[in-house]
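What follows is calculated from the coordinates using simple rules that are stated; it is not laboratory data. Keep in mind that this is a model prediction, so the values were computed, not measured. Glycine also receives a Cβ, built like all others from the backbone with ideal geometry; neighbour counts cover every protein chain displayed.
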Amino acid sequence: MSQYPEAHFIKSANAPEQFVPDIGAEVAFAGRSNAGKSSAINVIVNRRQFARTSKTPGRTRLVNFFGLRDEQRLVDLPGYGFAKVADKMRHHWADLMADYFEMRQSLRGMFLIVDIRRQLTDFDRQMLSFADTVGLPAHILLTKTDKLKRGQAAKALLEVRRDLDDAVTVQHFSALSRLGEEEARAKLEDFLNSPGAA
């Protein structure tokens, strides 16, 4: 059974004026288009096809708002870096992301979804920079951990932590085996229930 029985899709936004009212608390999920972001969201919320997965990377092209419980939201941000789209659309996404991070007073934290086999990309670092600029805590899910042997996975986790100098929290995660599910859900709850900016 889902820990979020009231979870539901609210709306999609393609411009800041379309964002939902900036009240309560929300947590953003960002990541490269083929890193397994939708699958991670579905496992954490424990609802199949809650965030729609696709065999074609880059299908999330809008800012999607989901209600988890009263005045608490999960926000699925556009996937980046892989989808075959025009430069004009890429620039629009970048501007939309900058507006989102700068404007949202209800934003409490960000999950960054990273394929453990790929390590951090320039796009991932840009998202971390957005978060850092506004003093937003970030948590990295190293997804598809089941694709690596245990020693390789441990080494990859250590490398990311060293790379970021422990500035953000990092964990192993697998949507397939559900490894790290409870840890990720606990972090989501921590973010949702943390006090907002004064």
**OP:** Treat the count of other C-beta atoms within 10 Å as a stand-in for reagent exposure and order Val168, Val75, Val114 from fewest to most.
**Re:** Val168, Val75, Val114
Original post:
About its Cα centre, what dipole magnitude does the stretch 8-192 give when the only charges are +1 on Lys and Arg Cβ and -1 on Asp and Glu Cβ, stated in debye to the nearest 20?
Top reply: 1100 debye
**OP:** With springs connecting C-alpha atoms under 10 Å apart, model the chain as a Gaussian network and identify which of Pro137, Pro78, Pro21 has the largest mean-square fluctuation.
**Re:** Pro21
Original post:
When the Kirkwood radius is taken over all Cα pairs of the chain, what Stokes-Einstein diffusion coefficient follows at 25 °C and 0.890 mPa s, in µm²/s?
Top reply: 146 µm²/s
Original post:
For the chain, what is the calculated [θ] at 222 nm in deg cm²/dmol (nearest 500), taking -39500 (n - 2.57) for each run of four or more DSSP H residues and dividing by its residue count?
Top reply: -10000 deg cm²/dmol
**OP:** Place the peptides 100-112, 178-190 in order of packing, highest mean first, counting for every residue the other Cβ atoms within 10 Å and averaging per peptide.
**Re:** 100-112, 178-190
